[in-house]
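In what follows, a structure is listed as structure tokens, so that the remarks can point back to it.
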Amino acid sequence: MQGRAGAESTNRCRIRWLVASRRLASILLLAFSDIARSEVRVPVTVKAEPEAVPLDLTRTALIIIDMQRDFLEPGGFGETLGNDVSLLGAAVGPCKAVLDAARAADMLIIHTREGHRPDLSDAPKAKIERGHPSVRIGAPGPMGRILIRGEPGHDIIKELYPIPGEPVIDKPGKGAFYATDLDALLRNFGVQHLLVCGVTTEVCVNTTVREANDRGYRCVVLADCCASYFPEFHEMGLNMIKAQGAIFGWVSDSQSVLAAMAPPARKLAAV
Ligand code: C5J
């Protein structure tokens with residue numbers, strides 16, 4: 001028979017054992033979650049120019065610039081400026097492949113749209129007064145008022161349409177950081193690297209990459225996911241980014257990024 005003092009001492013022992021085992025369990029849990037996190041954070045290496053670039057995919061966002069009907073389809077802003085909009089179509093397929101992979105990898109995906117308020121209060125006169133008066137920003141066109149938010153032409157093409165949860169940044173300028181909350185959003189998500197796709201290479205893509213570079217983001221521009229109305233400007237736009245040891249960023253392509261994002265092949269176990 002155990003006396004009262006004996007029973008109390010056994011209880012104390014049990015409580016001490018319980019507390020110690022809980023502490024041990026939480027230490028092990030922390031240790032294992034650190035290991036799991038560090039495994040995910042191992043950077044991948046993306047083939048790029050001027051040299052391969054290491055990317056922590058958990059700190060990387062995909063940004064798709066201005067893949068809007070106004071730039072890619074007949075009757076929109078791009079065509080009113082005298083451009084052959086069919087030249088931008090080449091970027092859609094590669095862009096979709098990277099978008100699908102980013103969605104599968106649960107990467108942060110951001111879409112941008114260039115456009116203005118219906119009253120044009122956010123459009124500088126210097127921007128509006130370009131082009132023929134009948135087809136300027138705000139004028140009616142086959143896809144609604146040209147480059148105006150809410151109009152059919154302002155929307156993103158159906159192939160690359162955002163799904164719920166993917167932020168869309170409406171920007172009044174060429175750069176996606178100007179007069180938007182893009183920087184705050186990226187910082188809140190802990191993003192350090194950007195995979196950049198979109199149109200046009202030498203205008204909104206280039207301006208955004210320069211802005212991002214100044215803010216400390218490492219940008220990798222995917223050449224075949226970008227396009228221009230002027231093939232020579234596309235080439236030069238990319239050259240300007242990667243020149244002088246990646247002065248604004250790196251230039252890669254969809255295949256290289258898809259290869260880097262693919263899960264490592266598992267070795268077959270001997271049977
Ligand atoms: C232009 C753009 N080209 N998204 N806009 O005016 O590049």
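The values are calculated or read from the model by the stated rules, or taken from the named source; none is laboratory data. Here the structure is a predicted model, which is why all the values come from computation and not from measurement. Counting neighbours? That spans all protein chains shown, and the Cβs are built from the backbone with ideal geometry, glycine included.
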Inset, instruction - Scan region 41-52 and give yes if some residue there is of a type in the set (S, T, N, Q), over 17 Å from the mean Cα position of the chain (by Cα) and modelled with pLDDT of 60 or more, otherwise no. - result: yes
Inset, instruction - Identify, by number, the condition in (1) surrounded by fewer than 19 Cβ atoms within 10 Å (Cβ to Cβ); (2) within 16 Å of the ligand (Cβ to nearest atom) that Glu51 doesn't meet. - result: (2)
Inset, instruction - Report whether or not His116 is within 16 Å of the ligand (Cβ to nearest atom), touching a residue at least 12 places away in the same chain (Cβ under 8 Å) and either among the basic types (Lys, Arg) or more than 23 Å from Ala223 (Cβ to Cβ) (or both). - result: yes
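Rundown of residues vs (1) within 16 Å of the ligand (Cβ to nearest atom); (2) modelled with pLDDT of 95 or more, yes/no style:
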| site | (1), (2) |
| --- | --- |
| Ala184 | no, yes |
| Val191 | no, yes |
| Arg210 | yes, yes |
| Val221 | yes, yes |
| Phe233 | yes, yes |
| Gln255 | no, yes |
| Ala259 | no, yes |
| Ala269 | no, no |
Inset, instruction - Just give me the residues in region 136-166 being assigned to a loop (DSSP other than H, G, I, E, B) and not aliphatic (A, V, I, L, M), in sequence order. - result: Arg136, Gly138, Arg149, Gly150, Glu151, Asp155, Tyr161, Pro162, Pro164, Gly165, Glu166
Inset, instruction - Kindly indicate which of Gly153, Gly144, Gly173 is over 25 Å from Ser256 (Cα atoms), surrounded by 21 or more Cβ atoms within 10 Å (Cβ to Cβ) and either small (Gly, Ala, Ser) or away from the ligand (no atom under 14 Å from the Cβ) (or both). - result: Gly153
Legend entry - Check on Ala91, over 19 Å from Trp250 (Cβ atoms), at pLDDT 95 or above, out of contact with any Leu (no Cβ under 6 Å at 6 or more places or on another chain) and small (Gly, Ala, Ser): no
Inset, instruction - Taking His111 as the residue in question, decide whether it is within 15 Å of the ligand (Cβ to nearest atom), surrounded by 15 or more Cβ atoms within 10 Å (Cβ to Cβ), over 30 Å from Gln192 (Cβ atoms) and modelled with pLDDT of 95 or more. - result: no
Inset, instruction - Take region 109-135 and flag every residue that is of a type outside the set (A, V, I, L, M), assigned to a loop (DSSP other than H, G, I, E, B) and farther than 17 Å from Gly76 by Cα. - result: Asp119, Ser121, Asp122, Pro124
Legend entry - Odd one out for Ala90, checked against (1) of a type outside the set (Lys, Arg); (2) touching a Cys at 6+ places or on another chain (Cβ under 9 Å); (3) part of a helix (DSSP H, G or I): (2)
Legend entry - Extreme residue, nearest to the chain's Cα centre (by Cα), among residues of region 59-105 that are within 16 Å of the ligand (Cβ to nearest atom) and among the acidic types (Asp, Glu): Asp66
